[in-house]
Amino acid sequence: MNTIQNYYVIQEINDLKPFFPFGFRHNGEFIPLNKFSVNGIGKTQWFYINENNEQKSVASYMKLIKRISTVRCLNHLCFKDGYDKVHNFKKYVSEKHGLTFT
């Protein structure tokens, strides 16, 4: 992500997360990320709080659940709207701000 894309991604996450749960899809199921957060200083890092109240890497969790060796969190990140509909976050932020991710 370039600096402008990073800015909009972080801005939209911070705007949406007080109202909508974030997570990712796996086998048609929405897997929520408890207390999801993102650190945009330098390289963007994604975190959640696990059942033991420990801060953990979203990428590691996605790789474990999806059984894949590498992951770009932005490609898998989703959120649920007020109607319980799951939206792909990357598509949402791309369309809203006219961004193209590589």
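Any read-out appearing in this document is the output of simple, stated calculations on the displayed coordinates, not a laboratory observation. Remember, predicted model here, so these are calculated numbers, not experimental data.
So here's what we get for this one:
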{"read-out": "Under the span-like rule (Cα at least 18 Å along the axis, Kyte-Doolittle mean at least -1.0), DSSP H helices of the chain", "value": "3-16"}
{"read-out": "When each of K17/K96; K63/K85; K56/K90 is checked by Cα-Cα distance, pairs over 18 Å", "value": "K63/K85; K56/K90"}
{"read-out": "Reach of K35 by Cα under 19 Å, taken over aspartates and glutamates that are not fewer than 8 positions away in the same chain", "value": "E12, D15, E51, E54, D81, D84"}
{"read-out": "Expected 222 nm ellipticity per residue - DSSP helices of 4 or more, -39500 (n - 2.57), all of the chain, to 500", "value": "-10000 deg cm²/dmol"}
{"read-out": "Reciprocal mean inverse distance between Cα atoms of the chain - Kirkwood radius, Å", "value": "14.0"}
